[in-house]
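Read through the structure below, which is laid out as structure tokens, and then see the notes.
The values are calculated or read from the model by the stated rules, or taken from the named source; none is laboratory data. Values in this document were obtained by computation on a predicted structure and should not be read as measured data. The accessibility values were calculated without ligands, DNA or RNA, using every heavy atom of the protein model including side chains. Shrake-Rupley method; radii C 1.70, N 1.55, O 1.52, S 1.80 Å.
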Amino acid sequence: MAEKKIRIEGRVKRIEYLRYLADVRAEEQQAVDMGYRITRKSIEEIREEFVRVSNFDSIYINI
């Protein structure tokens, strides 16, 4: 049986970014559900927007 290894170093995405991404996608889905025709934002656009409006300089945390 293979053992699970715990990651000791590397980069992980900030929980704040993941929440922001979920909120953006939820707002987009709500607009679609209400009958609006929208163009969904790309992941890159959402990343840039998050960095611009937050106090963080990256979506990643170095561990």
Rounded to the nearest 10 degrees, what's the angle between the helix 43-53 long axis and the longest principal axis of the chain, both from Cα atoms, 0 to 90? 90
How far, in nm, would the chain grow between Met34 and Arg52 when pulled straight, counting 0.36 nm per residue and subtracting the alpha carbon separation? 3.6 nm
Taking all protein chains in place and a 1.4 Å probe, what share, in percent, of the accessible surface of the chain do carbon and sulfur account for? 51
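Extension gain Ile15-Asn62, at 0.36 nm per residue separation less the Cα-Cα distance, in nm?
Going from the current span to full extension adds 15.6 nm.
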Angle between the chain longest axis and helix 15-33 axis [Cα atoms, degrees, rounded to 10]: 30
For Rg and Dmax of the Cα atoms in Å, one of [x] 15.5, 49; [y] 15.9, 51; [z] 18.8, 52 was computed from the structure I shared and the rest are decoys. Which label? [y]
